[in-house]
Amino acid sequence: MKIVVIQGPNLNMLGHREQNIYGPMKLEEIHTQMKNFAEQNGMEIEFFQSNLEGEIVDKIQECLGDADGIIINPAAYTHTSVAIRDAISAVQIPTVEVHLSNIYAREKFRHKSLIAPVCTGQVSGFGPFSYHLAMVAIVQIMNEIRAMREAQQAQKK
Ligand code: DQA
């Protein structure tokens, strides 16, 4: 089972950027924690960060046939990107949207996510722990898909 983690614009600045909102942890440190959790749960994990919308769309498309699940923090594109939303919708891979901050407790323009309706679910507001919760959710989704497939196979016999 392979998970691809996609990080949007300015998340490479974590640890430096608005620490009062996003905390002191660097992106690499968050990824190390996620990698450990993935290893403990027998999952392969890949990380990707880009500040460019088109590169994020390309990466989502590349997940087709390669990834079983996607964890994405689209960052500012959450609130603007029809292209990222359409890419997620196109690949039909279970996707969890993540935010460090609680986007609903911030400026009004952050309250709307164009991405959430095409995701399995969203985690928002727990700082770096949001990513851990997203990993737990992905494991649960994968288990449910596996159980469903096994039940379908058993019915065929
Ligand atoms: C963010 C929230 C977005 O509104 C913002 O543009 C970000 C980070 C978060 O993780 O809290 O860059 O996605």
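Read the figures in this text as sums done on the coordinates, not as results from a lab. If you're wondering where the values come from, they're calculated on a predicted model, not measured in any experiment. We place every Cβ from the backbone using ideal geometry, glycine too, and count neighbours over all the protein chains shown.
Rounded if a/c is under 1.5, else prolate if a/b beats b/c, else oblate: with a ≥ b ≥ c from the C-alpha gyration tensor eigenvalues square-rooted, which is the stretch 1-65? Walk me through the intermediate numbers first.
Values: a/c = 3.81, a/b = 1.20, b/c = 3.19.
Verdict is oblate for the stretch 1-65.
Let me make sure I get this right: for the stretch 101-157, a, b and c are the square roots of the gyration tensor eigenvalues over alpha carbons, sorted descending. Under 1.5 in a/c it's rounded, otherwise prolate if a/b > b/c, else oblate. Which is it?
Working: a/c = 7.01, a/b = 2.44, b/c = 2.87.
It is oblate, given that a/c is not under 1.5 and a/b is not larger than b/c.
Based only on other Cβ atoms within 10 Å, what is the fewest-to-most ordering of E107, E97?
Details: E107 8, E97 25.
Ascending Cβ contact count within 10 Å gives the list E107, E97.
For the chain, give the magnitude of the charge dipole about the Cα centre (Cβ charges: +1 Lys/Arg, -1 Asp/Glu; no others), in debye to the nearest 20.
On the way: 14 positive and 17 negative charges, 97 e Å.
About 460 debye.
Could you give the radius of gyration (one decimal) and Dmax (whole number) of the Cα atoms in the stretch 2-156, in Å?
In order Rg, Dmax, the Cα atoms of the stretch 2-156 give 15.5, 55 Å.
Lysines near K26 by alpha-carbon distance under 17 Å, same-chain residues fewer than 8 away left out - which ones?
Leaving aside lysines fewer than 8 places away in the same chain, those within reach of K26 are K35.
Rounded to the nearest 500 deg cm²/dmol, what is the calculated helix-only ellipticity per residue at 222 nm for the chain, with -39500 (n - 2.57) per DSSP H run of length n ≥ 4? Let's see the in-between values first.
Values: 5 runs with 66 residues, N = 157.
Helix contribution divided over all residues of the chain: -13500 deg cm²/dmol.
For every other residue with a beta carbon closer than 10 angstrom to the beta carbon of P94, add +1 if it is Lys or Arg and -1 if Asp or Glu, then tell me the sum. Walk me through the numbers before you get to the answer.
Values: positive: none; negative: D68, E144.
Taking every other residue near P94 into account, the sum is -2.
Take the alpha-carbon centre of the stretch 58-79, take the same for the stretch 97-137, and report the distance between them in whole Å.
Result: 14 Å between the Cα centres.
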